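The values are calculated or read from the model by the stated rules, or taken from the named source; none is laboratory data. Predicted model only: the values in this text are computed from it and were never measured. Every residue, glycine as well, gets a Cβ built from its backbone with ideal geometry; the counts of neighbours run over all protein chains shown. Remember, those area values only see protein heavy atoms, side chains included, never the ligands or the DNA or RNA. Shrake-Rupley method; radii C 1.70, N 1.55, O 1.52, S 1.80 Å.
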Amino acid sequence: MEGGEDVGGGEDLSPYLPYLPHLPYLSHLQFFLRINEYYLIALAIKSASGSGAIMQVAKSRDGRLSMETRELGNTDIEITPLIFGTWQAGKSGWVGIEDQDVIDAMRAALDAGITTFDTAEVYGNGYSEELVGKALGDRRDRVVLATKVFANHLKHNQVIEACEKSLQRMQTDVIDLYQIHWPSGSFKSEIVPIGETMGALNQLKEQGKIRAIGVSNFSKAQLEEAMTFGRIDSLQPPYSLFWRGVE
């Protein structure tokens, strides 16, 4: 459900670029190639502004690769320019996905310098989050975790419950970036006032269970309304190697 469907907005996404230049566009490294037990990652890099972006990767003294990072919105959270997406890890709607391959890929990405991983409760009904926990739970101090609450869980108590379950599945005490996956009403979900949803997210942030709030697949008008109820630190439109409308 991450890309391509015209749900909950649907207009051309390009107006977002000048409207919110400070919000990062989270693109996914969702496909990996396994050759001779090694994972080769081919990357085409382009910044949101349209200019070429050069990512510097360096090797630390302990032999680990590290990638340059940038601040997430107006937070102090440091994310890598490339983010590892885990839609396929949920298996639902996909074929030929093996748990160990997914775990190995996430760990290989981390070793290659990618520290930021994005998932969602709807990916395999939480199974993707479980694999993230299995792969990265013992490496939590090295990673930034982002996940999303789905459109059918946007009432206040539902947001709180969904967050608690995501925390448990990912084996962590805090979610770095917690996002509204799709606007209320998407996929025939119940309409919930954005103020109610944001109230729950602000509460989770005050409690220290999430560090930043983001939205995904929101139109400009929907984003503007959400921002009246609290700070939004990221916008994630449908974007991948196959869906490149924001360019």
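Surface composition of region 84-178: carbon plus sulfur atoms contribute 46% of the solvent-accessible area (1.4 Å probe, protein chains only, all chains present).
GluC sites (Glu not before Pro), restricted to region 77-129: which are DSSP loop and have at most 14 other Cβ atoms within 10 Å? Before the final figure, lay out the partial values.
Numbers: sites: E78, E98, E121, E129; in loops: E98, E121.
Here the GluC sites (Glu not before Pro) that fit, given the DSSP loop and packing criteria, are E98.
All other residues whose Cβ lies under 14 angstrom from that of L167 are scored, Lys and Arg at +1 and Asp and Glu at -1, for a net of 0.
For the full complex of protein chains and a 1.4 angstrom probe, list W87, W243, W94 by accessible area with the highest value first.
Values: W87 45, W243 105, W94 80 Å².
Final ranking, largest accessible area leading: W243, W94, W87.
Summing Lys and Arg as +1 and Asp and Glu as -1 over all other residues whose Cβ lies under 9 Å from the Cβ of E78 gives a net charge of -1.
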